[in-house]
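S.K.: This structure is in structure tokens; I'll ask about it shortly.
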Amino acid sequence: MSDETGTPDSAAGSTGDTEPNGGPRPEPLRFFGTSWVGHDNGYAARRAGVAVGSLAAAAVSCLVLRLAYQGIRIADTGPFVSVLIVVMFAICSAFAFRNTWEGFGKRHDPQRQASLRGMLAIGFVGSLLAYFVRSLVEAPGEKLHREEYERAREAHARRTTRRTGNPSRKKRRR
């Protein structure tokens, strides 16, 4: 299932995830729940809130990073360390942006994500910016979840469709 924030433990439409009418249940998205399916229940307001929130968080994060950088400059560590810090955050942020952006279109390998956790933590500003840019178009992760949900609905429909005609009239091969 999922926790209260809507973080999934399994793919949309997985076995056991069924609606009361027997069809697959959509996987909730963080901040959106299942409002992404029909774009209802304040979907547009939530998207605007996510966009503003992620951009504000990125701006505040940049301010904190600037204060940290000024602390390093005050410590007089030299230009090499200052340049190294700036380059490290730039590279990690670019990598985190790309990784987060790709995560909106396909599921990541959990082992790979675990091995990249440190780099993604350093580049958190890139992840926030990816979240902001994606929320301008759709709910972050909506495309992936919609594709999975549609596939699950189609598979459910194929499994549950009734045959037409009288099976006893079927021609038998001898």
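S.K.: Expressed in nm to one decimal, what extension gain is obtained for the pair SER61 and ALA75 from 0.36 nm per residue of sequence separation less their Cα-Cα distance?
M.R.: Numbers: separation 14, 0.36 × 14 = 5.04 nm, distance 2.12 nm.
Additional length available on full extension: 2.9 nm.
S.K.: According to the Cα gyration tensor, what semi-axes, each the square root of 5 times an eigenvalue, does the equivalent ellipsoid of the range 61-134 have, listed from largest to smallest in whole Å? Present the calculation step by step, with values, prior to reporting the outcome.
M.R.: Details: eigenvalues 153, 35, 14 Å².
Taking √(5λ) for each Cα gyration eigenvalue gives 28, 13, 8 Å.
S.K.: Count the net charge of all other residues whose Cβ sits under 13 Å from the Cβ of GLU142, scoring Lys and Arg as +1 and Asp and Glu as -1. Spell out each step's value before the answer.
M.R.: Working: positive: ARG30, ARG46, ARG47, ARG134, LYS143, ARG146; negative: GLU27, GLU138, GLU147, GLU148, GLU150.
Taking every other residue near GLU142 into account, the sum is +1.
S.K.: How much accessible area per residue does the range 117-159 have, in Å², with a 1.4 Å probe?
M.R.: Details: 2310 Å² over 43 residues.
On a per-residue basis, 54 Å².
S.K.: A further question follows. Restricting the calculation to Cα positions, tell me the Rg (one decimal) and the Dmax (whole number) of the range 16-147 in Å.
M.R.: Answer for the range 16-147, Rg first and Dmax second: 18.5, 67 Å.
S.K.: Please work out how much length the chain gains when fully extended from ALA90 to HIS108, using 0.36 nm per residue of separation minus the C-alpha to C-alpha distance, in nm with one decimal. The partial results should precede the final answer.
M.R.: Values: separation 18, 0.36 × 18 = 6.48 nm, distance 2.25 nm.
Stretched out fully, the ALA90 to HIS108 stretch lengthens by 4.2 nm.
S.K.: Once neighbouring chains are kept in place and the probe is 1.4 Å, which whole percent of the accessible area of the range 53-92 is contributed by carbon and sulfur? Each step should come with its number before you reach the end.
M.R.: On the way: 2230 of 2800 Å².
Its accessible area is 79 percent carbon and sulfur atoms.
S.K.: Could you work out how far apart the two model spin labels at HIS39 and GLU150 are, taking each label as a point 7 Å from the Cα in the direction of the beta carbon, and quote it in nm?
M.R.: Rounded to a tenth, the inter-label distance reads 1.4 nm.
S.K.: Right, another one. I need the phi-derived Karplus couplings for the range 22-33: 6.51 cos²θ - 1.76 cosθ + 1.60, θ = phi - 60°, integer Hz, Gly and Pro marked x.
M.R.: With coefficients 6.51, -1.76 and 1.60, one gets x, x, x, 9, x, 7, x, 9, 4, 6, 10, x Hz.
S.K.: Continuing with the same structure: Give the accessible surface of the range 30-107 per residue, rounded to a whole number of Å², with probe radius 1.4 Å and ligands, DNA and RNA excluded. Write down the numbers at each step before the final one.
M.R.: Numbers: 4910 Å² over 78 residues.
Value for the range 30-107: 63 Å² per residue.
S.K.: Further question on the same structure: If you rank TYR149, TYR69 by how much accessible surface each has, with a 1.4 Å probe, what is the order from largest down? Please list the in-between numbers first.
M.R.: Numbers: TYR149 15, TYR69 70 Å².
Putting TYR149, TYR69 in descending order of accessible area: TYR69, TYR149.
S.K.: Keeping all protein chains in the complex and leaving out DNA, RNA and ligands, what accessible area do you get for PHE104 with a 1.4 Å probe, in Å² to the nearest 10?
M.R.: Ignoring ligands and nucleic acids, PHE104 comes out at about 20 Å².
S.K.: If you average the C-alpha positions of the range 96-141 and of the range 27-80 separately, how far apart do those two centres end up, in angstrom?
M.R.: Going from one Cα centre to the other spans 12 Å.
The values are calculated or read from the model by the stated rules, or taken from the named source; none is laboratory data. No experiment lies behind these values; they were computed from the predicted model shown. A quick note on method: Cβ atoms are made from the backbone with ideal geometry, for glycine too, and the neighbour counts reach across all protein chains shown. These area figures cover heavy atoms from the full protein model, side chains too; ligands, DNA and RNA do not enter into them. Shrake-Rupley method; radii C 1.70, N 1.55, O 1.52, S 1.80 Å.
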